[in-house]
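Comments concern the structure below.
We did not get these values from a lab; they are worked out from the coordinates using the rules stated. These numbers come from a predicted model, not from an experiment. Every residue, glycine as well, gets a Cβ built from its backbone with ideal geometry; the counts of neighbours run over all protein chains shown.
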């Protein structure tokens, strides 16, 4: 069951993810447009921009996945959910979120190993003038992204524990008047 501080933390995290997602999309579109203008109009371009944009797409994808999990639009079994009712539906939702959380945790752990290897190797992703951006900067996106998905899956699983079904047959008792039509 989600406590008030957990709900507030998830709302704050979701707001931060959405704001970052919007800002990164503006950067993505703006830099892509600039590249098109530079290449088409001046036969030039920013050497580092294509690599940067590819890795930016990866970050945007993970942020989008985290937002989708938070909104309940990912990791669900919609076909089966329509057939289930009551406690079985609540249990299936909890099981699906627990499974998704376990997969996200396993993938985050594997991605962390990948990040550590990239960090130890010390390769360069791209250079901008005298600035060399190390390859581990882009590699950290993957464990970070899976960790965000994990957090949202755990929070949704906690919410599923305390959420009564529309039929009033949830794991916990439904509130008064739940499942009755409004007058």
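Along its three principal directions, the equivalent ellipsoid of the range 69-146 from the Cα gyration tensor extends over semi-axes of 40, 13, 7 Å, largest first. Residue ranges 67-74, 142-149, 21-28 sort as 142-149, 67-74, 21-28 when ordered by packing (mean number of other C-beta atoms within 10 Å per residue, highest first).
Working from the alpha-carbon coordinates of the range 4-162, get Rg over Rh, Rh being the Kirkwood radius.
On the way: Rg = 19.5 Å, Rh = 17.9 Å.
Ratio of gyration radius to Kirkwood radius: 1.09.
Evaluate E = 1/(1 + (r/R0)^6) for residue 50 and residue 140, where r is the Cβ-Cβ distance and R0 equals 22 Å; express this FRET efficiency to the nearest 0.05. Efficiency computed from Cβ-Cβ geometry: 0.65. Sorting 51-58, 154-161, 101-108 by their mean Cβ neighbour count within 10 Å, with the most densely packed peptide first, gives 154-161, 101-108, 51-58.
To the nearest 0.05, what FRET efficiency results for residue 85 and residue 20 with a Förster distance of 41 Å applied to their C-beta separation? Walk me through the numbers before you get to the answer.
Numbers: r = 38 Å, r/R0 = 0.94.
Once rounded, the FRET efficiency stands at 0.60.
Over the range 1-160, Cα pairs under 8 Å with separation of 6+ residues give a relative contact order of 30 percent.
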